[in-house]
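*Asks:* Would you mind keeping the following structure in view while I ask a few things?
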Amino acid sequence: MGKVIAFDVETPNSHNDRICSIGLSLIDDGTIVWSQNYMVNPECPFDNRNIQIHGIRPQDVEHAPTFPLIWEDIGSLFRQNLVIAHNATFDLCVLKKTLSAYGLSEFLVYYACTMQMAQSILPDLPNFRLPTLCDYYNIDLDHHDSGSDSFACAQIFCHMLDEGTCPEDFTKAYSLECSHPASAHSQSTHMAANTKSLLTLSGILSGITCDNVLVPSEVEYLQNWLDDNVELKGNYPYDKIYTTIANALADGILEQAELESMLRLFKQVSDPVNDCSCNCSSRDISGKTFCLSGEFDYGEKSAVEELLIQRGGIPQKNVTRKTDLLIVGGQGSSAWCAGNYGTKVKKALELQEKGISIQIIREHDFL
């Protein structure tokens, strides 16, 4: 395996489209060889909530370099190496939105998420937050210091390598390519902006549910983010989450049963494929309509389709009310707009909300 770059970002406000610090740690042949933390002038206002989390104030970074200057130095690390982070889709989304804000052009990176790796190889842990993993591996951590967080992520990754974990099993592609409002059609730009915000929402939901506990302060943070992103109204899952929180807070009290119900919803929304509750032991597809999403470990999508046709399945290009099964490829897709799933899964979820019986099944569980 080549070099690996671990990174972590801290943001000045809930828009998550600027960076006020970024930490990097470089791994070469399983050993951390370099670590650096950069303070960044985000050129935008700070929220008190964010300051409380990471302790960085506007005056701390007013004379720091802006992000484009720092990207000149560190951009090649992302282009040339495997990228890792803890709850990686959040940090990558912030990076993508920051690049877009400055009109910086980038393309694909390949990444692995240490949180997802831990969920797979350490299933008995009480939760998969960074501090929990640091306790497990006896790693010092100053949480929400981007330098400490990235260094801890790198150490966790090295421990997993020593235990025989294969990073390639967890590697995915992520597009950092952004549209440029000045030259793009206004509708396309609007959709691109919504896509980025939905990806951020997915990252927030993953972060607040990874320990399987939801507390009122996390609900409050999510509600504030939803209020700041009302342009997402009409998009799934924004409306569902917004309505659920509003109903729960209508009486001014968050009861434990309401928190547990929201936790189940948020986990299902953030990763509906991983939360698959269908009877995957039944693989009889004869007479059933199916649709494929993502890239498959089995091979080309056409080969998967032919396999299922031979067994009596009826293929569909898109998810409709007549779809019985949506089968999601194990390799995902760099085009997926919400981190863990794409528009076909979103459509299936929307139809499920309307009472249409569609099963969402992982390739690993079905083929």
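The values are calculated or read from the model by the stated rules, or taken from the named source; none is laboratory data. What you see is a predicted model, and the numbers here were worked out from it, not measured in a lab. Backbone-built Cβ (ideal geometry, glycine too); neighbour counts: all protein chains shown. To get the accessible areas, we keep the full protein, side chains included, count just its heavy atoms, and leave off ligands, DNA and RNA. Shrake-Rupley method; radii C 1.70, N 1.55, O 1.52, S 1.80 Å.
*Asks:* What figure in square angstrom, to the nearest 10, would you give for the accessible area of ASP251 with a 1.4 Å probe?
*Replies:* Only protein atoms counted, so the area is about 90 Å².
*Asks:* If you don't mind, another one. Angle check, please: helix 301-310 long axis (alpha carbons) against the longest principal axis of the chain (alpha carbons), in degrees 0 to 90, nearest 10.
*Replies:* With both axes taken from Cα atoms, the answer is about 20 degrees.
*Asks:* Heavy-atom accessible area per residue, the range 60-128, 1.4 Å probe: how many Å²?
*Replies:* Numbers: 2800 Å² over 69 residues.
Per-residue accessible area for the range 60-128 comes out at 41 Å².
*Asks:* Rounding to the nearest 10 and keeping the result within 0 to 90°, find how far the Cα-based axis of helix 146-162 lies from the longest principal axis of the chain.
*Replies:* Helix 146-162 and the main axis of the chain meet at about 50 degrees.
*Asks:* Follow-up question, since we're still on this one. With n ≥ 4 as the cut-off for DSSP H runs, can you work out [θ] at 222 nm for the chain, using -39500 (n - 2.57) per run divided by the number of residues, rounded to the nearest 500?
*Replies:* -13500 deg cm²/dmol
*Asks:* Here are some pairs, LYS96/LYS354; LYS240/LYS301; LYS3/LYS344; LYS267/LYS344; which of them have Cα atoms lying more than 27 Å apart in this structure?
*Replies:* Beyond 27 Å between Cα atoms: LYS96/LYS354; LYS240/LYS301; LYS3/LYS344.
*Asks:* Still on this structure, I have one more. Given a 1.4 Å probe and every protein chain left where it sits, what share in percent of the accessible area of the range 80-126 is carbon and sulfur?
*Replies:* The nonpolar share, carbon plus sulfur, comes to 53 percent.
*Asks:* Follow-up. Keeping all protein chains in place and using 1.4 angstrom, which order do SER302, SER25, SER217 fall into by accessible surface area, from largest down?
*Replies:* SER302, SER217, SER25
*Asks:* Can you pull the one-decimal nm distance between simple spin-label points at ASN212 and THR343, each 7 Å off the Cα toward Cβ?
*Replies:* 3.7
*Asks:* On full extension of the chain, what length is gained from GLU260 through ASP169, given 0.36 nm per residue of separation minus the C-alpha to C-alpha distance?
*Replies:* The span from GLU260 to ASP169 would gain 29.6 nm if fully extended.
*Asks:* GLU258: accessible area at probe 1.4 Å, nearest 10 Å²?
*Replies:* Its heavy atoms expose roughly 50 Å² to the probe.
*Asks:* Let me ask something additional. Tell me which residues come under 5 Å, amide H to amide H, from ILE84 once H is placed; ignore anything under 5 positions away on its chain.
*Replies:* So ILE84 has HN proximity to ILE5, ALA6, PHE7, ALA112.
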